[in-house]
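Here the structure is laid out as structure tokens; the discussion comes afterwards.
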Amino acid sequence: MSCVAVPKILMPKKGTDLHKWAVVACDQYTSQPEYWEETDAIVGDAPSTLRLTLPEVYLEEDDVAQRTNTINETMKQYLSDGTLTELPAGFILTERYSGGTTPRRGLVAAIDLECYEYAAGSRSLVRPTEKTVVERIPPRLAVRKHASIEIPHIMLLIDDPDRTVIEPMFAHTADLEQVYDTDLMQNGGHINGWFIPEGDMTDSLIAAMEQLNDREQFNKKYRLTEDLPLLPFAVGDGNHSMATAKAYWEEVKKDLTPEEQETHPARYALCEIVNIHDESLIIEPIHRIMFHVDADDLLASAKAFYAANGCTCVISDPAAAENPDNHTVKFCYGDQTGSLTIVNPKWGIPLGTLQAFLDAYLEQHAEAKIDYIHGEDVVSSLGTAEGNMGFFLPEIEKNDLFRGVIIDGVLPRKTFSMGEAHEKRYYMESKMIVR
């Protein structure tokens with residue numbers, strides 16, 4: 001069974017001002033209501049995905065129920081008055097320029113939610129890269145419950161270092177219908193999209209994605225010594241949007257016959273599939289700072305923790321740090337710097353190894369706190385303050401992101417960042433989720 005399905009995508013009718021139509025993902029700028037106020041002023045009375053989504057900055061407002069009702073009514077209006085029109089079954093090939101030297105290239109398709117699980121320990125073919133916070137699902141589910149369409153900002157990653165799936169399609173854009181070509185508001189850059197009708201091209205794309213499941217190549221790529229569950233797709237962005245779609249589908253399918261479940265539109269979630277090796281994707285580690293700790297006690301606790309887990313922890317050992325089979329994290333505190341190296345680690349990537357210990361330490365030390373930091377300069381500044389300790393995470397190899405999920409089940413919270421807020425997906429396409 002393929003996880004990928006060919007959807008019937010909804011697009012705004014020709015002549016719609018796409019600059020006003022496309023709005024950034026609702027989970028961005030959550031502490032900046034002024035961004036959304038400015039977006040509202042730009043949109044004005046024009047048709048826009050701003051009217052079809054609920055920016056999360058407003059999730060705690062008293063009028064969230066009224067906002068949700070208005071969204072659902074606007075969906076119905078856009079469908080009835082022709083603002084939204086359904087394309088024939090097909091994919092959309094997309095190319096997004098957002099300020100870097102290369103565009104992000106992707107494929108808008110549908111994913112079968114029967115292939116996806118977000119619970120810890122999931123062995124499904126589609127899995128989150130980071131832990132799903134289930135408490136974040138209910139408010140999103142309330143928005144989706146009475147919706148007629150979905151406008152997701154999910155980005156699914158494939159690990160295709162040989163660029164066999166998406167990239168070859170750009171040799172055929174002259175033969176495809178271009179369905180959008182527009183600047184994006186609020187520093188979003190520019191985006192192009194071409195329609196790929198269901199047929200030989202979509203069949204070839206699905207076959208190329210299924211090839212990523214070849215067991216022999218899979219084990220070799222991730223240096224596996226046993227047949228761990230295959231992972232052709234990992235959720236890179238929009239994890240809670242995907243989890244909400246799954247939760248909604250589980251509710252809907254209770255009242256359906258097996259035959260009805262096969263084709264119900266809520267079974268499939270719209271997403272953009274992107275190759276993790278796309279040059280535009282800059283994956284940066286997120287560093288850690290521990291507050292209210294005694295560094296000597298923390299390092300001693302680390303040695304004891306790793307010994308109890310069948311590993312050896314050595315401090316500031318250059319030879320051990322140079323061994324690529326070991327996991328090494330640099331640290332700073334006071335006027336000291338050094339490295340924490342774990343020999344024979346049982347976790348998939350260095351951050352998983354470090355975070356397992358930090359989580360255990362935090363459980364035993366109520367006074368200690370942790371924060372997640374993007375810049376090394378900030379770690380150096382805060383980590384050396386009295387009572388603090390900073391940890392510098394190494395660069396993340398793109399293959400290791402998948403390897404970490406395959407071996408550890410899910411990556412720790414705040415493992416990596418993938419692009420700035422203005423680079424996140426803008427809403428453009430949508431899909432029916434009711435019959």
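Descriptive notes on the structure:
- Sparsely packed chymotrypsin sites (Phe, Trp or Tyr not before Pro) within the stretch 112-172, loop by DSSP, other Cβ within 10 Å at most 10: none
- The alpha-carbon of Lys220 sits under 15 angstrom from the alpha-carbons of these aspartates and glutamates, leaving out residues fewer than 8 places away in its chain: Asp159, Asp160, Asp162, Asp400.
- Ellipticity estimate at 222 nm from DSSP helix runs (n ≥ 4, -39,500 (n - 2.57)) divided over the chain, nearest 500: -9000 deg cm²/dmol
- Environment charge of Asn309, counting only residues whose C-beta is closer than 12 Å and scoring Lys/Arg +1, Asp/Glu -1: +2
- Taking the stretch 4-84 and dividing mean pair separation by its residue count, relative contact order in percent (alpha carbons under 8 Å, at least six apart): 35 percent
- Fewest-first ranking of Thr341, Thr132, using other Cβ atoms within 10 Å as the exposure measure: Thr132, Thr341
- Straight-distance crosslink candidates among lysines, where the alpha carbon sits under 23 Å from Lys431 and sequence neighbours closer than 8 are dropped: Lys8, Lys13, Lys14, Lys20, Lys76, Lys145, Lys246, Lys253, Lys254
- Overall dimensions of the chain by Cα: Rg and Dmax, Å: 23.0, 69
- Among the GluC sites (Glu not before Pro) found in the stretch 1-78, those both in a DSSP coil and sparsely packed, with 13 or fewer other Cβ atoms within 10 Å of their Cβ, are Glu60, Glu61.
- Chain lengthening between Thr70 and Glu210 when straightened (0.36 nm per residue, less Cα-Cα): 46.3 nm
- Separation of the stretch 124-152 and the stretch 216-259, taken as the distance between their Cα centroids, equals 13 angstrom.
- Farthest towards the positive end of the charge dipole of the stretch 287-392, among the residues Thr337, Tyr361, Ile289, is the Cα of Tyr361, using unit charges on the Cβ of Lys, Arg, Asp and Glu.
- Using C-alpha pairs below 8 Å separated by at least 6 residues, the relative contact order for the chain is 23 percent.
- Euclidean distance between Cα centres, the stretch 277-342 to the stretch 358-435, Å: 15 Å
- The Cα atoms of the stretch 203-335 define a convex hull whose projected area, averaged across directions, is 14.5 nm².
- Sequence-distant lysines (8 or more away, or on other chains) whose Cα lies within less than 28 Å of Lys369: Lys131, Lys303, Lys330, Lys346, Lys414
- Where no second cysteine Cβ lies under 4.7 Å, the cysteines concerned in the chain: Cys26, Cys271, Cys311, Cys313, Cys332
- Using only the C-alpha atoms, the convex hull of the stretch 184-258 corresponds to 229 Å³ per residue.
- Note on Leu54, Leu362: ascending count of other Cβ atoms within 10 Å places them as Leu362, Leu54, the fewest first.
- Per DSSP, loop trypsin sites (Lys or Arg not before Pro) in the stretch 1-93 with at most 15 further Cβ within 10 Å: Lys13, Lys14
- Fewest-first ordering of Ile342, Ile166 by other beta carbons within 10 Å of each residue's beta carbon gives Ile166, Ile342.
- Under Karplus coefficients 6.51, -1.76 and 1.60, residue-wise ³J(HN,Hα) of the stretch 212-221 in Hz, glycine/proline x: 5, 8, 4, 4, 4, 5, 4, 5, 5, 4
- Cα centroid separation, the stretch 181-209 to the stretch 24-68 (Å): 26 Å
- Electrostatic bookkeeping for Pro12 treats Lys and Arg as +1 and Asp and Glu as -1; over the other residues with beta carbon under 14 Å from its beta carbon, the sum is 0.
No value in this document is a laboratory result; all are computed from the given coordinates. In this text, all values refer to a predicted model and were calculated from it rather than measured experimentally. All Cβ positions, even for glycine, are placed from backbone atoms using ideal geometry, and neighbour counts span all protein chains on display.
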